[in-house]
Amino acid sequence: MVRRVIACCVLGVCVLAGQTRAEPEVFSKAGYKADQSAVEDNGKLHVLYFTASWCPPCQQMKKTTWIDESVVSWLGEHAVVTPIDVDVEVGLSQEYGIQAMPTIVVLDEGEETARTVGYQGPVELRDWLVRAEAGEIENTYAADMEAEREQMKKVEDLYDRMEDASGLVENEQDGLALKSYMSIWEIILADGTIAEICDIKYENESAKLLITRHEPAREAFAALRDGEQEKLKSGDVTWDRLTCWAVLNDILGDYDATAAWMKRRLDRGESIPDYYVLRDMCNTATRETRDFKLLAQFADPLQESMVSIQSYKMISEMNDPEMQEYFTDEVRQTMLDNLRQEVCEQYAIAIGIEDPDKARRIAEYLFMVDNTPEARQALRSAAKEFGFEPTELPE
């Protein structure tokens with residue numbers, strides 16, 4: 001449950017500093033309700049612009065798009081524009097299901113007919129508005145939201161199933177645990193898109209424990225992996241299938257197979273795709289095989305450490321009252337433990353690729369958020385676990 005809370009916090013963080021600027025003249029100052037009544041009287045479109053003071057693309061549109069003469073002229077004739085600050089008009093933002101900014105929604109006689117998310121330049125916005133008025137844009141928002149809700153229900157169900165399976169392993173009910181894991185993987189392999197949304201390595205440690213003491217479990221997981229491998233060899237290749245294959249390799253401890261695939265790909269001049277779970281499995285495989293030459297081609301330990309530390313700082317320093325209730329002492333300690341483990345591994349990897357300067361800088365960055373005797377000992381232990389002597393740590 002703690003990991004699920006942390007994952008939700010990571011996904012919810014997008015806080016950037018911004019400056020308040022004068023509102024474009026094309027924006028109505030009457031407010032949502034008044035503008036709603038106005039468009040009913042004059043038959044114009046109602047354009048809702050969901051924005052935030054800390055959103056750089058939103059502020060850029062105010063400086064460029066919303067003051068462009070062609071955009072202003074068209075809007076003056078055809079529409080009323082209501083700016084909506086998502087941090088102020090929370091209820092309206094929730095009513096319209098706003099998840100990212102900027103979002104522009106077009107209403108015609110009160111019915112949503114078009115929606116776009118992200119920065120729009122003057123030419124793009126005017127063209128989009130003209131097509132929206134002409135009814136040439138297919139509005140799939142409602143269907144997309146329903147599909148997303150169904151997918152998230154499936155993800156929550158999988159998390160619950162994985163926790164149940166982990167509990168069965170802990171209670172040494174191996175036969176029931178195996179049945180539970182096989183039902184989980186049946187769902188995952190039937191819908192490959194869920195592999196990236198749901199962190200399917202979530203309970204890998206429990207599955208690994210199960211196969212060490214229950215041979216039927218090892219055979220069953222091996223059969224799943226071999227089945228996916230045959231599909232990949234036949235040319236039925238997708239990133240989701242590769243992700244599942246790599247996770248199954250991880251459960252089986254077959255790190256050489258994943259590392260060999262990485263080497264073939266990198267030797268051809270191809271990169272490792274930016275799929276979160278797949279990249280994590282590749283990281284694990286190269287660490288476990290101690291192939292530091294391969295690892296150096298795949299990831300920069302300093303960059304990996306900086307990303308982890310920055311993410312930790314952004315989450316731990318959040319001031320959102322609604323999120324604070326989730327930051328229990330247990331969650332905060334787990335976040336710190338996870339960060340320390342991740343960064344210490346990257347410190348050891350930097351030593352492994354013979355870059356002591358990076359190792360020192362990684363330690364310095366860790367000490368910015370965790371300058372404790374425990375952190376220093378964790379760095380030394382990580383290096384020794386990888387078979388290296390730790391570098392001299394900064395004060």
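The values are calculated or read from the model by the stated rules, or taken from the named source; none is laboratory data. The model shown is predicted, which means the values in this text are computed figures rather than measured ones. Virtual Cβ from ideal backbone geometry, glycine too; neighbours counted across all protein chains shown. Remember, those area values only see protein heavy atoms, side chains included, never the ligands or the DNA or RNA. Shrake-Rupley method; radii C 1.70, N 1.55, O 1.52, S 1.80 Å.
Under the condition of being in contact with a strand residue (DSSP E or B) (Cβ under 9 Å, 6 or more places away or on another chain), among the β-branched types (Val, Ile, Thr) and over 22 Å from ARG149 (Cα atoms), the residues counted in segment 94-125 number 1. Considering (1) surrounded by 14 or more Cβ atoms within 10 Å (Cβ to Cβ); (2) under 30 Å from ASP87 (Cα atoms), the lone condition that VAL307 does not fulfil carries the number (1). Looking only at segment 239-269, residues that are open to solvent by 60 Å² or more (accessible area, probe 1.4 Å) and under 23 Å from the mean Cα position of the chain (by Cα) come to 1 in all. Applying the condition of being crowded, with 17+ Cβ neighbours inside 10 Å and over 34 Å from the mean Cα position of the chain (by Cα) to segment 54-100 and asking which residue is farthest from ALA132 (Cα to Cα) yields ASP68.
Can you spot a residue in segment 358-365 that is in contact (Cβ under 8 Å) with a residue 24 or more places away in the chain, closer than 23 Å to ALA285 by Cα and surrounded by fewer than 16 Cβ atoms within 10 Å (Cβ to Cβ)?
Let us first name the residues in segment 358-365 that are in contact (Cβ under 8 Å) with a residue 24 or more places away in the chain, namely 358-365.
Subset that is closer than 23 Å to ALA285 by Cα: 358-359, 362.
Right, trim to surrounded by fewer than 16 Cβ atoms within 10 Å (Cβ to Cβ) and you get none.
Checked segment 358-365: no residue is in contact (Cβ under 8 Å) with a residue 24 or more places away in the chain, closer than 23 Å to ALA285 by Cα and surrounded by fewer than 16 Cβ atoms within 10 Å (Cβ to Cβ).
Residues that are on the phi < 0 side of the Ramachandran plot, open to solvent by less than 40 Å² (accessible area, probe 1.4 Å) and at pLDDT 95 or above do not occur anywhere in segment 109-117.
Of all residues being farther than 18 Å from ALA285 by Cα and among the small types (Gly, Ala, Ser) in segment 219-267, which is modelled with the lowest pLDDT? Just the residue, please. Top of the filtered list is GLY235. Among the residues of segment 187-214, just one is at pLDDT 90 or above, small (Gly, Ala, Ser) and either closer than 18 Å to ASN338 by Cβ or open to solvent by 30 Å² or more (accessible area, probe 1.4 Å) (or both), namely SER206. As for segment 111-131, it holds no residue that is of a type in the set (Gly, Ala, Ser), more than 30 Å from ILE200 (Cα to Cα) and over 27 Å from the mean Cα position of the chain (by Cα).
MET368 meets all of the listed conditions (1) of a type in the set (A, V, I, L, M, F, W, C); (2) open to solvent by 90 Å² or more (accessible area, probe 1.4 Å); (3) touching a Ser or Thr at 6+ places or on another chain (Cβ under 7 Å) but one, namely (3).
Among the conditions (1) within 25 Å of ASP254 (Cα to Cα); (2) outside any helix (DSSP H, G or I), the only one that ALA217 does not satisfy is (2).
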